[in-house]
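Have a look at the structure below before the remarks.
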Amino acid sequence: MMMRDRNPTLSRPMGMEGHRGGGNQEGVTSPAMFTDIVSGVAVAVILGALGAAWRWGHKLPRTFRQRQESDHRPLHEGPWQVHLPPDSDTSDARLVVVCAPSSSLHSPAFSPQRAVTFARQRLNFIGEPAYSGVDEGVRLKPPGDGHGFRDYVWVCTNGMIQLSLTLPISLDPATGRRRLDVLSLLTPLATVAMAVRTSEYRQLYGLPDRASRLRTDWMIGLSTYSRPDASTLVPSWDDLLFPVTPPSRLVDDRTPFCPPTGYAYSELQDWEISRPLGDLLRAFLSSFLAENGYDNFDAIIADTVSRFRGDSGL
């Protein structure tokens, strides 16, 4: 028994599909055959497009990732290498705040004069240039401070901002213990954080407006010892002053401590500058207090940051 062909069109000899009564129409393409041809061409085009899309598609994410991945080089390639904890050659404490783009800037546009203006207006550093170099950037120092190795600001060509400041220490009149105001720690940190958000920072390095999502790496360190004179070495601070009730500390006479990478180093890598300032301050304070033996401080940190932002208007 013969099986009936389910697709007679495909089984007919070429040229016979158009033969329907009346005359010889051999060689004339029927509508069905034309549809088959068009469908075949369309499938070929679609498959070709999909192949091209796959070839380029699997490359684009890799290219995008290569452009977006952080190399963390700017933080460690500045002209003035950071060693933490910083030294303090006075009776006061010394704070160093470093902020740099998480990824290397490509062909940054850098103007030394603009860098000086940026330092004075956005970092609130009243000083004069102490050094300027094409490959390094500009370093400012306070007027009359010699070479400016104590208080200074670096505005580097690779996007890194490095701020070093002396923080005042007060003495408890009853005990003689050295006291450091916690709010004095937050002011320089907030100043740098707000400065790298500005249009002046983007213009200084030729960054587009969308750089508001720029990611940054931070190093924040505080001196552990100070030198009231050349022969005396004392802890930079014994007690911390809070605008609210201070947190508890298991050992009151503990020597101050600063990790070699600074406080909250891991948390403050790839930090988006668009994040709320309060998040940055809380991350720093949490690490700073934990590293120095304080506990039960979450609510106190929240109150301290709130008080700081209310007083500073930031």
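None of the figures in this text is laboratory data; all of them are computed from the coordinates on show. Because the structure is a prediction, the values reported are computed rather than measured. Every residue, glycine among them, receives a Cβ derived from its backbone with ideal geometry; neighbour counts consider all protein chains shown.
Electrostatic tally near I273: other residues with Cβ closer than 10 Å to its Cβ, Lys and Arg +1, Asp and Glu -1, net +3.
In this structure the amide hydrogen of T90, modeled in the peptide plane, comes within under 5 Å of the amide hydrogens of R227, none closer than 5 places in sequence on its chain.
Need one word for segment 260-314: rounded, prolate or oblate. Basis is the Cα gyration tensor (sqrt eigenvalues a ≥ b ≥ c); a/c below 1.5 gives rounded, then a/b vs b/c decides. Write down the numbers at each step before the final one.
Working: a/c = 2.36, a/b = 1.09, b/c = 2.16.
It is oblate, given that a/c is not under 1.5 and a/b is not larger than b/c.
Here the 3J(HN,Hα) profile of segment 272-280, calculated from phi with Karplus coefficients 6.51, -1.76 and 1.60 at θ = phi - 60°, is 6, 5, 7, 5, x, 4, x, 4, 5 Hz, Gly and Pro shown as x.
For segment 209-314, trypsin sites (Lys or Arg not before Pro) meeting the loop criterion (DSSP other than H, G, I, E, B) and having at most 15 other Cβ atoms within 10 Å: R254. Using θ = phi - 60° in the Karplus curve 6.51 cos²θ - 1.76 cosθ + 1.60, the 3J(HN,Hα) couplings for segment 237-253 round to 8, 10, 10, 10, 9, 10, x, 10, 4, x, x, 7, 9, 5, 10, 5, 9 Hz; x is entered for Gly and Pro.
For segment 150-280, would you read off the P(r) tail past 20 Å as a percentage of all alpha carbon pairs?
Numbers: 4696 of 8515 pairs.
Result for the distance tail: 55 percent.
Taking Cβ atoms as reference points and 9 Å as the exclusive limit, the residues near R215 contribute a net charge of -2, counting Lys and Arg as +1 and Asp and Glu as -1.
Phi angles of segment 90-97 translate, via the Karplus equation with coefficients 6.51, -1.76, 1.60 and θ = phi - 60°, into HN-Hα couplings of 10, 7, 9, 8, 10, 10, 10, 10 Hz per residue; Gly and Pro are given as x.
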